Amino acid sequence: MSKSPTKYLFVTGGVTSSLGKGIISASLGKLLTSRGYSVTIQKLDPYINIDPGTMNPYEHGECFVTNDGAETDLDLGHYERFLDNETSQANNVTTGRIYQTVINKERKGDYLGKTVQIIPHITDEIKRRIKILGETGKFDFVITEIGGTVGDIEALPYVEAVRQLKWELEGNALFIHLTLVPYLAAAGELKTKPTQHSVKTLLESGIQPDVLVCRTEHPLNSDIKRKVARFCNVERDAVIESMDASTIYEVPLLMQKEGLDKVVLRKLGLEDNTEVKLEQWCDFLEGLQNPKQNITIGLVGKYVELQDAYKSISEAIIHAGVKNSCKVKVNWIHSEEINENNVEEKLTGLSGVLVAPGFGDRGIEGKISTIKYVRENNIPFFGICLGMQSAVIEYARNILGLKDANSTEMNKNTSHPVIDIMEEQKEVIDKGGTMRLGSYDCSISTESEAYNSYKNTNISERHRHRFEFNNKYKTDFKNSGLIATGINTKNDLVEIVEIPTHPWFVGVQFHPEYKSTVSNPHPLFIRFINACIQHKK
Ligand code: GLN
């Protein structure tokens, strides 16, 4: 299959943002991979930040981290969870990155003599970034999702770049446009005009969409589909209905039913002699929709008003729940609202508690009170990154008796810096892309809950942090029952801590949530949910 040239699918959006281009791209990717094609999905983000790593989660939601250490848009998380293949630096491109490359080249003198302009220099750089993935020779399909909405000023260079590419790629490219068909209750009708206008906007930029995916709350009858086809110059079977689904994991099946993959293959002249194989996916969905039991766990963090800030964690919980035939309800609890006096009330009825990653001292004392309570009451606990660091601080204060113990992130002058800035971070001044990022190895001791989960002594997990367990206190912790069970042996960094006398108390410096997929739910999440189920019993 990989003999024929890589096909490029460009996904644009119109009418409004948040129509779910990421999920549609991931679902189409899933259908194509299930037919045996190799697929990667790329996101182009029209903002000027180099990456979302410097953005507040309230602005942007979660920052997803790839194996090679890119801080990226959360849609890349969906791509990995659906396709079960890893993304990389090349899969997320921002306007900031494009301009930075072009300006650096200009300073080096690469354009000597020329005026550097949006067209052709910026658009050429965009095209180069899109083609990088295809040129690896690894993919039959590169799906490129263009962030934002057509007509946005920021999106113009991207739209122009893909317009040019369509011709350069000679039949190996296709445009998929996602729009909204709203239902007007007063008129009792679905309205196609916004879609027509949105296609018109694309046409003004010289792009005729090949396929329209219409997001809708009500089924599109054949009259409406015919109308959209006629007024938007697309074939009738290229008007795809995308009904609101009860879970994102249903969308690949809805797209299959609508024939999105078939129309894409036909329009690219690919023989449709492959078969969609989604048995495993359907089993997962079946498990998700028919759980055998229910539990409620708490997620304690400071961005709980915006659940997108913890996207990968909530998806990893869903995956692990299905693996345990269990529906896991998550109570989102604001760490700033918890204190020693109300912690019991805040956590009543929970079968387990996960303390989330984070930065800065807002809400940290609430996390520490939470951990003291779950530790003393034998409630399953899973701490991720700052959640793990908070567990170390809590243990130092309340078991080692180091009342002033803290992370130097929260208090530079603490007399007991049980969490401290990493040596290589001390000289770092720039904030962007300078944390300890991406995959690092970790060795696990066999006598541990981590080993019981991974069934392996050597693992690799993704990171995003500057602070770290302070090894000066390691023996003290060990002697009083908090054990470092996972270590990066290269630089002796503690990656996992556990309390073996507790039913399930695991803190990890890394982010296991980034590696949980539908086909491969994460072993630590599976064991944690299992411990929560046992606790409920
Ligand atoms: N703020 C902490 C650090 O930088 C934890 C980071 C995180 O939770 N991702 O080490």
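Details
- No other residue among Glu409, Glu424, Glu394 is open to solvent by 10 Å² or more (accessible area, probe 1.4 Å), assigned to a helix (DSSP H, G or I) and among the acidic types (Asp, Glu) apart from Glu424.
- Identification of helices (runs of 4 or more DSSP H) wholly contained in the stretch 429-537 with 1 or more residues that are modelled with pLDDT of 95 or more and of a type in the set (Gly, Ala, Ser) yields 449-454, 523-536.
- Of all the listed residues (Gly352, Gly287, Gly363, Gly383), the sole one being more than 13 Å from the ligand (Cβ to nearest atom) and either acidic (Asp, Glu) or touching a residue at least 40 places away in the same chain (Cβ under 8 Å) (or both) is Gly352.
- Candidate set from the stretch 33-49 (those that are touching a helix residue (DSSP H, G or I) at 6+ places or on another chain (Cβ under 6 Å) and within 26 Å of Phe139 (Cα to Cα)); member that is surrounded by the most Cβ atoms within 10 Å (Cβ to Cβ): Ile41
- When the stretch 195-230 is limited to residues that are in a loop (DSSP other than H, G, I, E, B) and closer than 18 Å to Leu19 by Cα, the one that is nearest to the chain's Cα centre (by Cα) turns out to be Glu217.
- Subset of the stretch 217-244 [more than 14 Å from Pro182 (Cβ to Cβ) and among the β-branched types (Val, Ile, Thr)]: Val234, Val239, Ile240
- Residue match in the stretch 349-359 (condition: among the hydroxyl-bearing types (Ser, Thr, Tyr), modelled with pLDDT of 95 or more and out of contact with any Lys or Arg (no Cβ under 9 Å at 6 or more places or on another chain)): no
- Enumerated strands (runs of 3 or more DSSP E) restricted to the stretch 300-389, each holding at least 1 residues that are under 26 Å from Thr72 (Cβ atoms), in contact with a His (Cβ under 7 Å, 6 or more places away or on another chain) and open to solvent by less than 20 Å² (accessible area, probe 1.4 Å): 381-384
- Filter result for Glu160 (more than 20 Å from Val264 (Cα to Cα), part of a helix (DSSP H, G or I) and in contact with a Gly (Cβ under 9 Å, 6 or more places away or on another chain)): yes
- Which listed residue is within 16 Å of the ligand (Cβ to nearest atom) and either surrounded by 15 or more Cβ atoms within 10 Å (Cβ to Cβ) or more than 30 Å from the chain's Cα centre (by Cα) (or both), from Phe467, Phe477: Phe467
- Top-ranked residue in the stretch 112-131 [being at pLDDT 95 or above and in a loop (DSSP other than H, G, I, E, B); ranked as surrounded by the fewest Cβ atoms within 10 Å (Cβ to Cβ)]: Thr115
- Within the stretch 276-299, the set of residues being under 16 Å from Ala320 (Cβ atoms) and either surrounded by 17 or more Cβ atoms within 10 Å (Cβ to Cβ) or hydrophobic (A, V, I, L, M, F, W, C) (or both) comprises Phe284, Leu285, Gly287, Leu288, Ile295, Ile297, Gly298, Leu299.
- Boolean, Ser242 is in contact with a Lys or Arg (Cβ under 8 Å, 6 or more places away or on another chain) and not in a helix (DSSP H, G or I): yes
- So Leu400, is it part of a loop (DSSP other than H, G, I, E, B) and away from the ligand (no atom under 12 Å from the Cβ): yes
- Flag for Ser27 being free of Cβ contacts under 8 Å to residues at least 24 places away in the same chain and within 30 Å of Leu278 (Cβ to Cβ): no
- Flag if Glu409 is within 16 Å of the ligand (Cβ to nearest atom), of a type in the set (D, E, K, R) and in contact with a Cys (Cβ under 7 Å, 6 or more places away or on another chain): no
- Taking each residue of the stretch 165-187 that is touching a residue at least 12 places away in the same chain (Cβ under 8 Å) and looking for partners that are open to solvent by 50 Å² or more (accessible area, probe 1.4 Å) and acidic (Asp, Glu) with beta-carbon atoms closer than 9 Å, six or more apart or interchain, yields Val181/Glu217; Pro182/Glu217; Tyr183/Glu189; Tyr183/Glu217.
- Any hit, the stretch 50-64, residues being without any contact (Cβ under 8 Å) to a residue 60 or more places away in the chain, open to solvent by 10 Å² or more (accessible area, probe 1.4 Å) and touching a strand residue (DSSP E or B) at 6+ places or on another chain (Cβ under 7 Å): no
- Residues in the stretch 427-444 that are open to solvent by 50 Å² or more (accessible area, probe 1.4 Å) and either closer than 10 Å to Phe510 by Cα or touching a Phe, Trp or Tyr at 6+ places or on another chain (Cβ under 9 Å) (or both): Tyr440 only.
- Looking only at the stretch 360-415, and only at residues there that are of a type in the set (Asp, Glu) and at pLDDT 95 or above, the one that is nearest to Lys302 (Cα to Cα): Glu365
- Selection from the stretch 318-340 of residues that are under 15 Å from Asp283 (Cβ atoms) and not polar (S, T, N, Q): Ile318, His319, Gly321, Val322, Lys323
- Filter pass, Pro252 being in a helix (DSSP H, G or I) and open to solvent by less than 10 Å² (accessible area, probe 1.4 Å): yes
- Here Glu423 meets each of (1) modelled with pLDDT of 95 or more; (2) within 15 Å of the ligand (Cβ to nearest atom) with one exception, condition (1).
- Evaluated against (1) open to solvent by 30 Å² or more (accessible area, probe 1.4 Å); (2) of a type outside the set (Ser, Thr, Tyr); (3) out of contact with any Leu (no Cβ under 6 Å at 6 or more places or on another chain), His416 falls short on exactly one condition, (3).
The values are calculated or read from the model by the stated rules, or taken from the named source; none is laboratory data. These numbers were taken from a predicted model, which means no experiment stands behind them. Cβ: placed from backbone, ideal geometry, glycine included. Neighbour counts: every protein chain shown. Keep in mind that these areas ignore ligands, DNA and RNA; they rest on the heavy atoms of the full protein, side chains included. Shrake-Rupley method; radii C 1.70, N 1.55, O 1.52, S 1.80 Å.
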